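Novice: This is the structure I have questions about; it appears just below.
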Amino acid sequence: MSIPITRPWVGDEEAAAAGEAIRSGWLSQGPRVQEFERTIADYVGARHAIATSNCTTALHLALLVAGVAPGDEVICPSFSFIATANAILHTGASPVFVDIDRRTYNMDPSLIEAAITPRTRAIVPVDQIGLAADIPAVHAIGERHGLKVIEDAAPSLGAVVGEIRVGGAASDFTCFSFHPRKSITTGEGGMITTNDDVAAEWLRRARSHAASTSDLTRHQSGTTAIESYPELGYNFRMTDIQAAIGLVQMRKLETILTERTRLAERYNAAFAGDPRIETPFAPRGFRHTYQSYCVWLHTPKRRAAIMAELAKQGIATRRGVMAIHSEPLYQRLTPNVSLPVTEQATAETLLLPLFFGMTDDEQDTVVSALRRALE
């Protein structure tokens, strides 16, 4: 039996939707992208959703529209995928890394204010592994210090804090990913949600070379108006083929999240009482999307050896999350950074297979195999 770390739930419906987009003759950013944006905005409760080519470009644009510029500093966790910090570098600013809360794996709000300097322009909390960061606390800090909050919600579409869905009213800008490892996928793709009307207008222009009018607007107007390019823009567009797939996937989202939660709770019950395996934590009032199921291992055995034993049995695993500040690029750019919780979590956490369509037998196999590997 081979059990992957994840498997997207895609099939004939997505293939048919992509085929319909191809046959329509409109392949690039067009009417399906616009419909996908409306669908996401309505789902999270935001006024605007702006589709992009991926979450990294979404973060890049959100940082720019928030006013981040060369010489600025942006506070973020190191315990994240490297794209979080890379997007900051692409603006010419510098990431300032803050340690995490060991229970949630998200940036510890109590450490943020100590990292603020006169050069700080924004805060980028990350919703790690599908659990929303403590956005109310982060946003309160941002308001006190006049800083924008750009939420890296790559894995957390469908996550909830209190009564508010991630991407609704909590952050100034929220960025989602539709990579195949996320709850829903368009292959590649990203989305920015915001309630800022002026920023949304700029984001729509900037993602498409900063053209004064979009291709869709020009096509629908029936005029021969010629667009202009008054400022520097980017080619960060989503295609209508991707959006067509995304529209089908959105109809499945709640079903996917319900099943991911069931599987996570099954893991929790199976590992309960085992002191070697610390299961995920979700604060009261937070809905976890379980992009991945992350366990913190308490064992003298090397994690690499445990992963190798599982791999021999056909079970895919991944390290929990990287410590960005330990990667070669960031060791050069941000030397002498010490983040004890991040470093320990990076060394001792492990992602187990979890995906829609995973059978109970497959999950039981993973549980048994992990227990044997820890002996």
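The values are calculated or read from the model by the stated rules, or taken from the named source; none is laboratory data. These figures come from a predicted structure and were not determined experimentally. With ideal geometry, Cβ positions are generated from the backbone for all residues, glycine too; neighbour counts draw on all protein chains shown.
Novice: Of these, THR349, THR334, THR342, THR359, which one is over 30 Å from ILE75 (Cα atoms), in the same structural domain as THR299 (by TED's automatic domain parsing) and hydroxyl-bearing (Ser, Thr, Tyr)?
Specialist: None of the other options fit; the residue is THR359.
Novice: Right, something else. Scanning the range 126-141 for residues that are within 25 Å of SER338 (Cβ to Cβ) and of a type in the set (Gly, Ala, Ser), which turns out nearest to the chain's Cα centre (by Cα)?
Specialist: Looking at residues that are within 25 Å of SER338 (Cβ to Cβ) and of a type in the set (Gly, Ala, Ser), I get ALA133.
Novice: Among the numbered criteria (1) buried (at least 17 other Cβ atoms within 10 Å of the Cβ); (2) in contact with an Asp or Glu (Cβ under 7 Å, 6 or more places away or on another chain), which single criterion is violated by ALA264?
Specialist: If we test ALA264 against (1) buried (at least 17 other Cβ atoms within 10 Å of the Cβ); (2) in contact with an Asp or Glu (Cβ under 7 Å, 6 or more places away or on another chain), just (2) comes out false.
Novice: Another question about this same structure. So SER94 fits all but one of (1) surrounded by fewer than 24 Cβ atoms within 10 Å (Cβ to Cβ); (2) within 28 Å of VAL160 (Cα to Cα); what number is the exception?
Specialist: Condition not satisfied by SER94: (2).
Novice: Which of the residues spanning the range 172-217 are within 18 Å of ALA66 (Cα to Cα), in a loop (DSSP other than H, G, I, E, B) and in contact with a helix residue (DSSP H, G or I) (Cβ under 7 Å, 6 or more places away or on another chain)?
Specialist: Selection gives ARG207 alone.
Novice: Considering only residues of the range 324-375 that are loosely packed, with under 13 Cβ neighbours inside 10 Å and acidic (Asp, Glu), which is modelled with the lowest pLDDT?
Specialist: Only one residue fits best here, namely GLU375.
Novice: Among the listed residues ILE22, ILE3, which satisfies the condition of being closer than 30 Å to LEU350 by Cβ and in contact (Cβ under 8 Å) with a residue 60 or more places away in the chain?
Specialist: Answer to the selection: ILE3.
Novice: Looking only at residues in the range 99-125 that are over 15 Å from ASP172 (Cβ atoms) and of a type in the set (A, V, I, L, M), which one is nearest to the chain's Cα centre (by Cα)?
Specialist: Per the stated criteria, the residue is MET107.
Condition check ((1) among the hydrophobic types (A, V, I, L, M, F, W, C); (2) free of Cβ contacts under 8 Å to residues at least 24 places away in the same chain; (3) surrounded by 21 or more Cβ atoms within 10 Å (Cβ to Cβ); (4) farther than 28 Å from LEU232 by Cβ) across all residues:
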residue	(1), (2), (3), (4)
GLY30	no, no, yes, no
GLU35	no, no, no, yes
ASN54	no, no, yes, no
ILE82	yes, no, no, no
